[in-house]
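First the structure, in the form of structure tokens, and then the observations on it.
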Amino acid sequence: MKSTSLNRQLKNNTGLGQAVRNSLTMAYRGLLKIRRTPEQLFDVTLQPIIFTLMFTYIFGGAISGNVKNYLPVIIPGILVQTVITTSIVTGVQLREDMDKGVFDRFKSLPIARIAPLAGALLADTIRYTIATVLTFTMGYIMGYRPDGGLGYVVIAAILVIVCSWSISWIFAFFGVIARTASSVQGISMLALFPLTFLSNAFVPVNTMPDWLQWFVKMNPLSHLITAVRDLVNNTIIGSDFVISLIGAAVIVAIFAPITVRAYMRRT
Amino acid sequence: MIHRTIPNNGDWAVEARGLIKNFGENRAVNGVNLNVRAGTIYGLLGPNGAGKTTTIRMLATLLRPDAGSAHIFGHDVMKESQVVRQLIGVTGQYASVDESLSATENLVIFSRLLGLSRAESKRKAAELLEEFGLTEAAKRPLKNFSGGMRRRLDLAASLISQPPLIFLDEPTTGLDPRTRNQMWDTIRRLVSTGSTVLLTTQYLQEADELADRIAVIDRGIVVAEGTVDELKSSVGRSSLHLRIENSLDIGVARHTVERVLNVKSNVSSEGGKITAPMADADRVADLLIALREAGIHLAELSVQKPTLDEVFLTITGHGVNENASSAPYEMPEVEEIRG
């Protein structure tokens, strides 16, 4: 009864090569969608500009004496906060996308199961890149001249984009299991707000009460922010750099499989 | 379509045994059995909520059955799902294409996902758009597409890899008659190139026009199966519609109809109208005499082609709208219509 009459090479598994190819095609789809609706880039364009201006001029004098001395502290902090916040949009959009009929077709195609998710997340790195470039540009306009020079700024930018991509798997997971797009936004903001503010992004940790210092030092975002500061200000690739990358890898190792599984379960 | 390996006619394209799917408390599919011969059009006929879409989704690997088994060209949909996906094309009830992209971009992306090279994908997209009369709209975003164009694009997307089995879930629901006829022509052409088509529909006429065999599905179970002719003769060639003057007489009138014609009748929801299958036209004269003798005055009498409602009434003993309220199924009813 096996369909020997069909002249096709049939395989019941997809290799790594196919998974990468399929994901890149899906990323291409994501980029086409962004190109068709550029207004969805509003948030990544405006947020870095407004936040950088606002926080620098509000806190600069109080924390570092003047704005210029505050820039090496605040720019890496704002950078991480902005780019990580941008990654929430990935989960929200995935939720909206999955409600559309086209995801049925993706499921019925003989492609790697991870591709529709990985592709969407990959396409969103364009958003992180825009936010990163704008934050550094704003800093430059305000007089920030990182000691590390352009080379270390690029390394720091790539580190932040890679970590944001990893963290976006968490929001993708929320996106897959949540019922509505707005609930994804809600849950994600709730999780991120304390993480970005209870960190070393805006103020020196030693000004905080002991119990808070304990949390802030544990906070993975503090490690990422420190890694970025080390790179751009001191040209150091230190332990925080390694911790950030390991953390990113752990997040992907946990959340990518459970997200794909939850995605497959959805009807 | 250019070239196609035609499966042996002896092969079963679809074999499903006792498929069951629950959504929470609700059993959407309750033991569906299906056999679809390769190279034919098979119609799954039933009202909204009968379990048609759920059945198709299980066969197309989009949904995991809770019990039962299904094979596509001999491949298990659960154990060899990735193989099955290489043999099928699915056109969903809601357009399964990307709204924000153009027709060409959609087809190119699906082609790339199916392993075609960049150049091949472009060629394939152009070829399909040409075939489905969408070339002029190729670059426009789908938002501006009419319902008919969207369905055609959807079908085109299902044909990229020239799959030997194509699932069409209500391919013409919501289309105007002209576009519907175009869609029917397209579906017929598909089968002439050797594909097998499994389609769902709410319309007997559509099944009539297209399908070689039909399964009538109701409340998650196949209640009748056969060729269009077999099904029709079980319903009667046409049905009798009677509207009586005095609605108080409806009980007597209905009783008379059932006695004289020896069939089950149905009273329409707006009241005062009795419908009954008419297997033997000669008996109508007897009925009219019997009604006059009983002193029942008719306001209107007409003979109509069987509707899905009547197919249902005859096969299941209840109308389409009564679904929720009537008693659960018993198998003998299925045997009854086959006998």
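Just so you know, all these numbers are worked out from the coordinates, no wet-lab data involved. Source: prediction; values computed, not measured. Positions of Cβ are generated from backbone atoms using ideal geometry, with glycine treated the same way; all protein chains shown enter the neighbour counts.
The separation of region B:11-63 from region A:74-104, counted between C-alpha centres, amounts to 37 Å.
Over region A:200-257, the pair-distance histogram of Cα-Cα distances with 5 Å bins from zero comes to 4, 19, 22, 21, 18, 11, 4, 1, 0 percent, rounded to whole numbers.
Among the trypsin sites (Lys or Arg not before Pro) in region B:41-80, those placed in a DSSP loop whose Cβ has at most 16 other Cβ atoms within 10 Å are B:79. Averaged over the residues of A:32-41, the number of partner chain Cβ atoms lying within 10 Å of the residue Cβ comes to 3.
Counting every Cα pair in region A:103-147, what percent are over 17 Å apart? In whole percent, the share of Cα-Cα pairs in region A:103-147 beyond 17 Å is 55. Charge tally for residue B:153 (other residues, Cβ to Cβ under 14 Å; Lys, Arg +1; Asp, Glu -1): 0. When DSSP beta bridges are restricted to pairs lying wholly in region B:12-229, around 55% turn out antiparallel. Over all orientations, region A:92-176 has a Cα convex hull whose mean projected area works out to 6.8 square nanometres. The residues neighbouring residue B:103, those whose beta-carbon lies less than 9 Å from its own, together hold a net charge of +1 under the Lys/Arg +1, Asp/Glu -1 convention.
Determine which lysines satisfy two conditions relative to residue A:33: a Cα distance under 20 Å, and not lying fewer than 8 residues away in the same chain. Straight-line reach from residue A:33, under 20 Å: A:100, A:107, B:122, B:139, B:143.
Among beta bridges from DSSP that stay inside the protein assembly as shown, the antiparallel ones total about 65%.
Rounded to the nearest 500, the helix-only mean residue ellipticity at 222 nm of the protein assembly as shown stands at -17500 deg cm²/dmol, with each DSSP H run of n ≥ 4 adding -39,500 (n - 2.57). Straight-line reach from residue A:217: which lysines have a Cα under 26 Å away, not including same-chain ones fewer than 8 places off? Of all the lysines, those that pass the test against residue A:217 - Cα under 26 Å, at least 8 places apart if same chain - are A:68. Each Lys and Arg Cβ is given +1 and each Asp and Glu Cβ -1; about its Cα centre, the protein assembly as shown then shows a dipole of about 2080 debye.
Among B:87, A:61, A:259, which residue has its Cα furthest toward the positive end of the charge dipole of the protein assembly as shown, with +1 on Lys/Arg Cβ and -1 on Asp/Glu Cβ? Of the listed residues, the answer is A:61. Residues A:263, B:203, A:57 in ascending order of nearby Cβ atoms (within 10 Å, fewest first): A:57, B:203, A:263.
Here the alpha carbons of chain A define both size measures, Rg and Dmax, at 20.6, 81 Å. Legend: mean number of C-beta atoms from other chains within 10 angstrom of residue C-beta atoms, peptide B:161-174, equals 1. Its residue count N fixes a reference of 2.2 N^0.38 Å for the protein assembly as shown, and the Cα radius of gyration divided by that reference is 1.26. Using equal-weight Cα scatterers in the Debye expression, the normalised intensity of region B:152-255 in log10 at q = 0.15, 0.22 Å⁻¹ is -0.76, -1.23.
What are the DSSP H helices in chain A that stretch 27 Å or more along their long axis, judged by alpha-carbon atoms, and whose average Kyte-Doolittle hydropathy comes to at least 0.5?
Helices meeting the span and hydropathy rule in chain A are A:42-64, A:67-98, A:149-177, A:239-265.
Between B:51, B:104, B:284, whose Cα lies farthest towards the positive end of the dipole of the protein assembly as shown when Lys and Arg beta carbons carry +1 and Asp and Glu beta carbons carry -1, centred on the Cα centre? Of the candidates, B:104 comes out farthest on the positive side. Cross-link reach is defined here as a Cα-Cα straight distance under 23 Å, omitting same-chain residues fewer than 8 places apart; for residue B:264 the lysines meeting it are B:232, B:273, B:305.
If you wrap the tightest convex hull around every Cα atom of region A:97-240 and split its volume per residue, you get 149 Å³. Sorted from greatest to least, the principal axis extents spanned by the alpha carbons of region A:1-104 come out as 81, 27, 19 Å.
Size descriptors for region B:12-229 (Cα atoms only): Rg and Dmax, in that order, 17.0, 50 Å. Taking Lys and Arg as +1 and Asp and Glu as -1, the other residues whose beta-carbon sits under 12 Å from that of residue A:186 total +2. Separation of region B:201-225 and region A:224-267, taken as the distance between their Cα centroids, equals 53 angstrom. Backbone amide hydrogens, once placed in the peptide plane, bring residue B:97 within less than 5 Å of A:102, excluding anything fewer than 5 places away on its chain. Taken along its three principal axes, the alpha carbon spread of region B:20-148 comes to 45, 30, 28 Å, from the longest extent down to the shortest.
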